[in-house]
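A single structure is presented below for examination.
The values are calculated or read from the model by the stated rules, or taken from the named source; none is laboratory data. Since this is a predicted model, take the numbers as computed values, not measurements. Quick reminder, even Gly has a Cβ in these numbers, built from the backbone with ideal geometry, and neighbours come from all protein chains shown. Side chains are part of the model used for accessible areas, which takes the heavy atoms of the whole protein and leaves out ligands, DNA and RNA. Shrake-Rupley method; radii C 1.70, N 1.55, O 1.52, S 1.80 Å.
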Amino acid sequence: MATKKSKTNSNLLNDYHLLSFDELDSTNEEARRLANGGGCHGAVIWAKRQSEGKGRLGRAWISSEGNLFVSILLQPGKPPAELCQLSFVTAVAAIEALEALVPDASRLQCKWPNDILLDGRKLGGILLESFQCKNASPWVVVGLGINVDSFPPRTEFPATCLKDAGVELVSAKIILSRFIHHFIDCYNEWNVKGFTPARKRWLQSAWGMGRRLCARLPDGNIEGIAEGIDADGSLLLKLADGKKHQVHAGDVFPMETILVV
Ligand code: BTN
């Protein structure tokens, strides 16, 4: 009887394959459909446009042609609690891919939980979704959007794109191939060594560490000094009374931009 190969120790380079589309509703949704139809660990789904691009927290992701929209379908075979680490792995791979284009690498930063910043403005975002199909081990989709050619106006956190930031302009397709190259390396390292290397590299380019931040949570705001991220990917804030607080999900803003009414 054929047995299903465990992906726990496999090298993603052997499993990687690219599926390209002119338009999809959402590359994350296409990855989910692929998983429901039997799945394919290592499938990379790239679309030139999305008609229903999805952002975090139920928001829409405006997806005009010229920007990068890609999702990777994975079945890591790791405990569910560790799967959120993949959004940090993805952010590190995205930063490494973009560093070749941005002469001063310190202009690129990761912002907790899932954003890529250029010059302190949002250049891209990551949407990580996981789900179970039948009796299989959980699937994860990591979706990455990078603003290459345009960005949405009037966003709560200011946005940018590579074109406006005066970066040497290359196509979304070239950024995709560089990103995939770095993602394979970062994923394989995570698979073998765990979260420590990606966490360290993420913190090296992290925005807002040591700064007073406000985390917007479903049940109210909480403010404190950002001190790092935990092994489970939560943001560690030091509150005014000195106590540590773990923020598991939400959005963060610099305290000075919060309007007190
Ligand atoms: C966010 O910052 O809110 C996350 C945005 C994630 C957007 C990407 S684009 C490719 C993939 N497909 C989607 O529908 N969303 C993600």
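How large is the helix-only mean residue ellipticity at 222 nm for the chain, computed as the sum of -39500 (n - 2.57) over DSSP H runs with n ≥ 4, divided by its residue count, in deg cm²/dmol to the nearest 500?
-7000 deg cm²/dmol
Taking a temperature of 25 °C and a viscosity of 0.890 mPa s, what whole-number D in µm²/s does Stokes-Einstein yield for the chain with Rh from Kirkwood over alpha carbon pairs?
130 µm²/s
Counting only C-alpha contacts under 8 Å and six or more residues apart, can you give the relative contact order of the chain as a whole percent?
17 percent
In addition: Restricting the calculation to Cα positions, tell me the Rg (one decimal) and the Dmax (whole number) of segment 131-204 in Å.
Every Cα atom of segment 131-204 included, Rg and Dmax give 16.5, 49 Å.
Cβ neighbours within 10 Å, averaged per peptide: list 174-183, 85-94, 156-165 in order, most packed at the top.
85-94, 174-183, 156-165
Accessible area per residue for segment 212-260 in Å², computed with a 1.4 Å probe and the full protein assembly in place, what is it?
Result: 56 Å² of accessible area for each residue.
Rounding to the nearest 10 and keeping the result within 0 to 90°, find how far the Cα-based axis of helix 172-193 lies from the longest principal axis of the chain.
90 degrees
Let me ask another. For segment 16-111, what does the convex hull of the Cα positions come to per residue, in cubic angstrom?
Convex hull volume per residue, Cα atoms: 133 Å³.
Pairing the Cα long axis of helix 27-36 with the longest principal axis of the chain, what angle in degrees results, from 0 to 90 and rounded to the nearest 10?
Between helix and principal axis, roughly 40 degrees.
Rank-order 200-208, 61-69, 237-245 by packing density, defined as the average count of other C-beta atoms within 10 Å over each peptide's residues, highest first.
Highest mean packing first, the order is 61-69, 200-208, 237-245.
Once fully extended, how much extra length lies between R216 and L57, figured as 0.36 nm per residue of separation less the alpha-carbon to alpha-carbon distance?
56.1 nm
Something else now. In whole percent, how big is the carbon plus sulfur part of the accessible area of segment 3-204, probe 1.4 Å, protein atoms only?
Carbon and sulfur atoms account for 51 percent of the accessible area of segment 3-204.
Nearest 5 percent is fine: what portion of the DSSP beta bridges confined to segment 3-204 is antiparallel?
Around 75 percent antiparallel, to the nearest 5.
Over segment 3-204, with the other protein chains present, what is the accessible area per residue in square angstrom, probe 1.4 angstrom?
45 Å²
Could you pull out the pairs from K163/K238; K78/K200; K78/K163; K200/K244; K122/K200; K48/K111 whose alpha carbons sit more than 31 Å apart here?
In this structure, K163/K238; K78/K163 lie more than 31 Å apart at Cα.
Mind checking which of L34, Q75, A93 is farthest towards the positive end of segment 3-204's charge dipole, using Cβ charges of +1 (Lys, Arg) and -1 (Asp, Glu) about the Cα centre?
Checking the options against the dipole of segment 3-204, the answer is Q75.
Can you give the Rg and Dmax of segment 212-260 based on its C-alpha atoms, in angstrom?
10.2, 33
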